[in-house]
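Values quoted throughout were computed directly from the atomic coordinates according to the rules given, and no laboratory measurement underlies them. Everything numeric in this text was worked out from a predicted model, so none of it was measured. FYI the Cβ positions are ideal-geometry reconstructions off the backbone, even for glycines, and counts take in every protein chain you see.
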Amino acid sequence: MDASFEITLLIVLTVTAGIGSQVLAEYFKVPGIVFLLVFGILLGPSGLHWVNPTLLGNGLEVIVSLSVALILFEGGLSLELRDLGRVSGSLRNLVTFGTLIAFIGGGMAAHGLAEFPWPIAFLYAALVVVTGPTVVTPLLKQVRVDRQVATLLEGEGVLIDPVGAILAVLVLDIVLNGDADPLGVLSGLLLRLGIGVALGAGGGWLLSEFITRANFLSEELKNLIVLAGVWFLFVLSQFLVSESGLMATVVAGMVMRASSLPEERMLRRFKSQLTVLAVSVLFVLLAADLSIPSLFALGWGSLGTVAVLMFVVRPLNVWICTGNSNMDWRQKLFVSWIAPKGIVSASVASLFSILLTDRGINGGDAIKALVFLTIIITVLLQGLTAKWVVRWLGLESTTATGLLIVGSNPLSRLIARLFQERGEAVALVDTDPEACREAEREDLKVFLSSALDTEVLEEAGLESMGTFLTMTSNGEVNTVLAQRAMEEFEPPRTLALLPRDKSSAPANKVKIKQAMMPEFPLKMWNQYLKEGEVKLGETVLEEPGVAFQKAHLQALIRSGELVPLLRERDRQLQVLSTSDTWETGDRIIYLLHAPKPKLLKRLSGANSSHLKVEKLPEVEEVAVPTTVRDRAELAEDGEAKVIPRPAKSETSTAETPTSTPDKTVDRSDTNHSPPEVGLNRREP
């Protein structure tokens, strides 16, 4: 087979296996590195022998270097400096003292348990002091852990990678040349860090200024200019002082993030896509280059080494470095558990193995095998158990509050006011100046702009808000806006008044939910609000008879008399969607249609901003069927006796509270009263 075709086939198989692994990881909700390692080993010389990285020769080192530089730049670009300020002390300690603790502890474990010579043991320790952002970041997106913990882990993963790589190079230099002068080692570390920080800061600022001022360039070309600039900074820094380039790329990313570029979100999205590709290719190539017999040759002592790193060194490291923080023991325990190794450890270990072998020094293959064993064990154990540990420790993120609404109409302003009265951040976006003025009169934060402008959404604070709601009168527009917000910001909850045409439902309908009720007549309820023909009510679902409460509310919804707006559960207020379930203890806030005679309407006026949440007799005071009381007594007494089934008129409704009416309701009869179905808490 022709050599060029073999390399082409190698690249195609690597990319296909890498992207396929990412697809499987998304489907099964596990870290992508799990499948990347499996596919790499399966396709490599130890498996099917379809992917042989040695065909690339020195090209493998080039691919690894440029890919790692791009990965760390994207990591720096993703760091939110405002969030880092809240964990700056702990983060500083983890990157400095924590690195030293992990280095010493790892070296002692590798020497004592894996029986590595001291120089090789500490070289291994230098390679595994890092925690890979390529594993940590996707993992944190899946588990939705407390924001303070997530910020600390993300910051550690990005900042400690270049520090660990530089430390590993210094240790390698000692192993190769026998120079163990402590002053020389310290000066080399500081020199590389200093050059990297200086070049990264200067280069990041120049790139930011150029991208901001070059208005004649398209967004696509600007992204490519940044890519070229990052690689130029990396090579220049490497040329001046070896192994300083990684720090330069991280700092450049952080500086560009702090510069608030107009196209920052597009740039981050582009770099994120490139990073996924780079990680996929690298892990498959490096895993394919791993010799499975070398893993078994390590012996049981290698497993003990990894166990000491996970269960002794890491917890000791975290508890010392976070001793003065405001983190509680649950947060510290989770940080102690999450320290998976990633692409930097794998790539640098592969390069070091080649260098040691070329110099005739034993231990190159053993170091690479032990590093990959550490990666495999930490990723599998920590990655696959992270969700369970988060739930067990009670650290699931509940801090995403606040509401951003697109469309300033009477109903959206009412919802915004209810959230604002709870002390939550609220903002509205609309293109109608008069609608914006109405919001300002009600003391609501409003932006006169299109919601397609991501800069406006960012200024409105969508990045930190828990809910994004689009409720304009155009369902297709709502769909487009919701999809755009999901792609750019990924808010925890995205709701929209979707079009009635089922064929135009959004592709990602699992994430974009229909707000309040299907085929919601927004214009009609806005008109009711303007004319003062509504009451704002609340009810709490309580036992006994919660099923009858749901049935009664559903009957009102079916008749078109009531629309559910909000649900309060565990002191958290949320806009209702059609997929939300109602449980005992939930507080439901709703609007009830209450028509007024024309004379009374003119005398009282209509101003929806003055509506107050109250208990409404029309909903609350419903007769309690005798069978319900009997069933409640049966449940309490535990007696086994037959209870007659309630009449059809009392139970003929489904559990789902947001079903649509089958027929259009005639609202001309102002004396229409809601059907007396079900139970809600008290007898008249």
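Too long at a 19 Å Cα-Cα cut-off: which of 445/615; 332/387; 29/511; 341/368; 29/387? Pairs exceeding the cut-off: 445/615.
Going by a ≥ b ≥ c, the root eigenvalues of the Cα gyration tensor, does region 90-209 fall in the rounded group (a/c under 1.5), the prolate group (a/b larger than b/c) or the oblate group? Oblate, since a/c reaches 1.5 and b/c is not below a/b. Comparing Cα centroids, region 190-234 and region 444-485 end up 31 angstrom apart.
Once the Cα-Cα distance is subtracted from the 0.36 nm per residue extended length, the residue 391 to residue 54 segment shows a gain of 116.9 nm. Rg over Rh of region 30-116, using C-alpha atoms and the Kirkwood radius, what does it come to? Reported Rg/Rh, Kirkwood definition of Rh: 1.10. Each of 464, 447, 429 was placed along the dipole of region 389-472 (beta-carbon charges, centred on the mean Cα), and the one lying farthest toward the positive end is 464.
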